[in-house]
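**Q** Please read through the structure below; I'll follow up with questions.
Bear in mind these aren't lab numbers, they're just calculated from the coordinates by the rules spelled out. Computed from a predicted model, the values in this text were never measured in an experiment. Cβ coordinates were reconstructed from backbone atoms using ideal geometry, including for glycine residues, and neighbour counts include every protein chain displayed.
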Amino acid sequence: MTVVDSPAPLVAPAPPAVARALRPAAEPGRRVGPAWLPVVLWVGLAVAFAATCAVRGLPTDRVVLLGWVIGGLGVHAATQGARRVGRLLADWLPLVAALLAYDASRGLADGLGMPVAVQELADADRWFGGGVLPTVWLQEQVQADWWKALATLVYSSHFVVTPVVLAVLWVRNRERWARCARLVVALSVAGLTTYVLYPAAPPWLAAKEGVIEPVARITSSGWSVLGLPKAGVLLDHGQGQVNLVAAVPSLHTAFAVLMCAVLLPMARWWWQRAVLVAYAVTMPFVLVWGGEHYVVDTLLGAAYAVGVVLLMPSMERAGRRVLQGAALRLPALPWRA
């Protein structure tokens with residue numbers, strides 16, 4: 001039997017040192033640097049977050065929370081090389097800049113001299129309640145400690161769910177992250193525009209002004225039940241820094257419904273879908289019970305979220321047509337075919 005030697009390679013293999021030099025410096029999902037680096041970075045971030053909360057209270061501003069989320073993603077990306085960090089900054093900084101610009105419009109409500117709506121919202125809720133304010137009735141009837149604890153957790157989740165969902169989507173599926181980010185910006189624009197044009201007092205503030213019956217702001221009451229009274233103090237301190245007449249629409253409800261709509265197509269099991277729907281339904285109930293919003297506020301919040309989800313594909317197609325038309329109108333350049 002004749003043995004035929006395999007042909008020699010056309011190019012000689014590179015020496016090991018050269019091969020290592022030519023290897024990509026950082027690939028997504030591939031860790032670089034010493035093993036202790038992620039631990040040090042995560043500990044540093046956790047200490048900074050705890051110190052900030054101790055001084056300024058739990059963060060309740062969406063942009064501030066996005067900043068902390070980006071810090072966490074930065075720790076994740078730093079272990080995968082400079083290219084991953086560059087992608088993080090390129091993706092997230094425009095989103096944060098857009099939200100900062102929209103949040104800056106909160107102060108326009110007073111500058112424009114728009115009257116604060118108080119009585120008409122209470123009248124609308126009395127109609128829903130057959131002459132009784134739903135918030136007043138709920139606070140009289142629902143007083144169980146287990147509910148207070150659950151309500152506080154559901155209410156507080158608003159401040160973390162959207163940033164965390166965005167972070168997870170960015171790590172796992174950048175295309176879905178981009179779509180979710182566009183929905184978040186569009187919903188924020190719609191909500192903040194309404195706040196500027198139609199500032200409205202929530203039930204607890206209307207009660208404080210003597211417009212309606214006594215209503216307590218009790219969304220933080222569950223922290224004492226959970227044995228964490230200082231967490232409630234920190235949350236109340238953080239809430240004091242936001243717009244107090246930004247009640248219509250309820251963005252707590254809007255973002256709960258939006259996250260439900262974003263995550264439902266990804267849910268694999270029936271219990272996951274049940275949890276998402278229950279979260280979107282429980283949030284407005286908590287807000288009305290806690291004196292944060294009227295029923296009409298929550299209904300409008302849900303309508304805003306559904307409207308943004310339904311209209312976004314049409315808005316994106318229109319935007320692409322505008323960009324394509326602008327490109328066609330560009331003058332012929334020497335390097336263009």
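**Q** Amide H to amide H under 5 Å from Ala117: which residues, 5+ apart in sequence or cross-chain, H placed 1.01 Å off N in plane?
**A** Here the answer is Ala200, Ala201, since their amide H atoms fall under 5 Å of that of Ala117.
**Q** Met315: net charge of surrounding residues, Cβ under 15 Å, Lys/Arg +1, Asp/Glu -1, itself excluded?
**A** Cβ neighbours under 15 Å give a net charge of +4.
**Q** With θ set to phi - 60° and the Karplus curve 6.51 cos²θ - 1.76 cosθ + 1.60, what are the ³J(HN,Hα) couplings of the range 307-316 in order, to the nearest whole Hz, using x for Gly and Pro?
**A** Residue by residue, the range 307-316 yields x, 5, 4, 6, 8, 4, x, 5, 5, 5 Hz.
**Q** Give me a comma-separated list of calculated 3J(HN,Hα) values for the range 216-221, in order, Karplus coefficients 6.51, -1.76, 1.60 applied at θ = phi - 60°, integers in Hz, x for any Gly or Pro.
**A** So the Karplus estimates, Gly and Pro as x, are 9, 8, 10, 5, 9, 5 Hz.
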